[in-house]
Amino acid sequence: MSEPHGEPILEVTDLVKHFPLTQGILFKRNIGAVKAVDGVSLSLYPGETLGIVGESGCGKSTVAKLLMNLESPTSGTIRYKGEDISRLSGRALKAVRRNIQMVFQDPYTSLNPRMTVGDIIGEPFEIHPDVAPKGSRRARVRELLDVVGLNPEYINRYPHQFSGGQRQRIGIARGLALNPEIIVADEPVSALDVSVQAQVINLMERLQNEFGLSYMFIAHDLSIVRHISDRVGVMYLGRVVEIGSDEEIYRFPTHPYTQALLSAVPVPDPVASSRRERIILAGDVPSPANPPSGCHFRTRCWKAQQKCADVDPPLVVPGHLLAEGPPVAHPSACHFAATKPEVRAD
Ligand SMILES: Nc1ncnc2c1ncn2[C@@H]1O[C@H](COP(=O)(O)OP(=O)(O)OP(=O)(O)O)[C@@H](O)[C@H]1O
Ligand SMILES: [Mg+2]
């Protein structure tokens with residue numbers, strides 16, 4: 001799938017999550033807020049993989065937790081098939097939860113070491129007993145082990161008896177237990193060896209085709225999401241700064257931050273690599289407790305002008321790019337979005 005079609009299965013609008021910053025132990029005083037997510041809008045379409053990339057601390061995991069209802073938003077909406085699910089509770093929440101599952105980053109810490117693999121994968125059935133009646137659960141867990149490429153005979157083993165890649169397969173099997181429609185995978189391969197990363201990504205692709213899953217696939221490296229993503233959203237300091245199809249993002253990045261990220265991606269071809277200019281960004285990512293006014297990226301941007309401090313650039317197709325047509329004309333939150341490819345990662 002390359003272009004999104006139909007109605008989004010998940011639609012996030014102006015999502016904000018501020019964590020209060022407090023001082024004092026006995027008498028807590030509010031001294032500001034960490035703006036972890038600061039106005040994120042994006043859509044996930046049925047059957048697609050949306051990659052989300054950005055540096056550490058830009059808010060990727062917080063977006064994932066908001067989608068999973070593990071955190072509640074300060075403002076904004078999360079619509080699942082048109083219904084706002086961000087403030088649901090009780091039975092309504094449980095019903096939605098079943099359809100949106102998460103795969104976590106670190107398979108070494110996310111699996112309870114005292115539980116057998118069978119109990120870990122079967123745990124969701126305790127909360128949703130209707131999905132697999134008690135008598136059929138072991139058989140269902142064996143089936144899930146087989147689906148993710150693990151020997152069903154391992155059902156009584158413990159997590160420490162498995163390698164990192166196998167543990168992530170267990171995490172994926174648990175994510176699949178309730179037959180979800182959406183999987184939010186928060187850096188599912190970041191903790192794995194490079195040689196194992198490809199195996200897990202291939203497995204996820206196969207499962208997507210087999211079960212018609214929609215993925216939100218979070219990573220901090222553009223090269224990891226490239227292979228699996230139909231579309232990619234780039235985050236910086238709590239916001240999505242550019243979003244588009246993989247061709248739009250990798251061949252025609254228009255936002256300076258995306259260009260900088262891409263220029264750091266290793267290129268296999270040494271000739272192409274030597275022709276490429278590497279963009280080294282000045283300074284560090286500012287604190288999300290005190291982001292710059294206007295465009296959050298402007299303090300590190302070589303194109304920044306007064307307008308960037310005064311006016312927040314919205315995530316829309318910039319007017320001056322409309323004439324260029326696809327694939328250049330895609331949403332990019334930059335007043336001075338590039339009109340011609342300045343960096344290409346091919
Ligand atoms: N519960 C919390 N309380 C206070 N601040 C938080 C909390 N959770 C996250 N933050 C802050 O919000 C910001 C975004 O964090 P988040 O974990 O979403 O980033 P991330 O993009 O997932 O980073 P990484 O790539 O390191 O996983 C960070 O500054 C983080 O310190
Ligand atoms: Mg994270």
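Seen from G294, the other residues with C-beta closer than 11 Å to its C-beta sum to a net charge of 0, counting Lys and Arg as +1 and Asp and Glu as -1. Classified by the C-alpha gyration tensor, region 28-100 has an oblate form. Its axis ratio a/c, with a ≥ b ≥ c, is 1.5 or above, and a/b does not exceed b/c.
Computed across region 285-324, the Kirkwood hydrodynamic radius from all distinct Cα-Cα pairs reaches 11.3 Å. By the Stokes-Einstein formula, at 0.890 mPa s and 25 °C, region 98-174 with its Kirkwood radius over alpha-carbon pairs has D equal to 197 µm²/s. I want to verify the translational diffusion coefficient of region 140-185 in µm²/s; compute it with Stokes-Einstein, Rh as the Kirkwood radius over Cα pairs, at 37 °C and 0.692 mPa s. Translational diffusion coefficient: 301 µm²/s. In the chain, helices alone account for a calculated mean residue ellipticity at 222 nm of -8500 deg cm²/dmol, with every DSSP H run of four or more residues adding -39,500 (n - 2.57).
Between 0 and 90 degrees, the angle of helix 164-176 with respect to the longest Cα principal axis of the chain falls at about 80 degrees.
Seen from every direction in turn and averaged, the convex hull around the alpha carbons of region 188-259 projects onto 5.3 nm². The 3J(HN,Hα) values that the Karplus relation (6.51, -1.76, 1.60; θ = phi - 60°) gives for region 307-324 are, in residue order, 4, 5, 7, 8, 10, 5, x, x, 7, 9, 6, x, x, 6, 9, 4, 5, 6 Hz. Gly and Pro appear as x. Compactness ratio of the chain: Cα Rg over 2.2 N^0.38 Å, N = residue count? That ratio works out to 1.04. Remark on region 130-229: Rg and Dmax equal 13.9, 44 Å (Cα only).
Give me the net charge for the shell around E187: Cβ to Cβ below 11 angstrom, other residues only, Lys and Arg +1, Asp and Glu -1. Every neighbour counted, the sum reads -2.
For region 1-57, treating each Cα as an identical point scatterer without solvent, what Debye log10 I(q)/I(0) comes out at q = 0.25, 0.28 1/Å? So the normalised log intensities work out to -1.04, -1.12.
Pairwise Cα distances in region 8-157 exceed 26 Å for 43 percent of all pairs. Please give me the summed charge of the neighbours of H160: other residues whose Cβ is under 12 Å from its Cβ, Lys and Arg +1, Asp and Glu -1. Cβ neighbours under 12 Å give a net charge of +3. Peptide packing for 8-20, 219-231 was compared via the average number of neighbouring C-beta atoms within 10 Å per residue; ordered from the highest value, the list is 219-231, 8-20. Mean sequence separation of contacting Cα pairs (under 8 Å, at least six apart), scaled by the length of the chain, corresponds to a relative contact order of 19 percent.
No lab work stands behind these numbers, since they all come straight from the coordinates. Because the structure is a prediction, the values reported are computed rather than measured. All Cβ positions, even for glycine, are placed from backbone atoms using ideal geometry, and neighbour counts span all protein chains on display.
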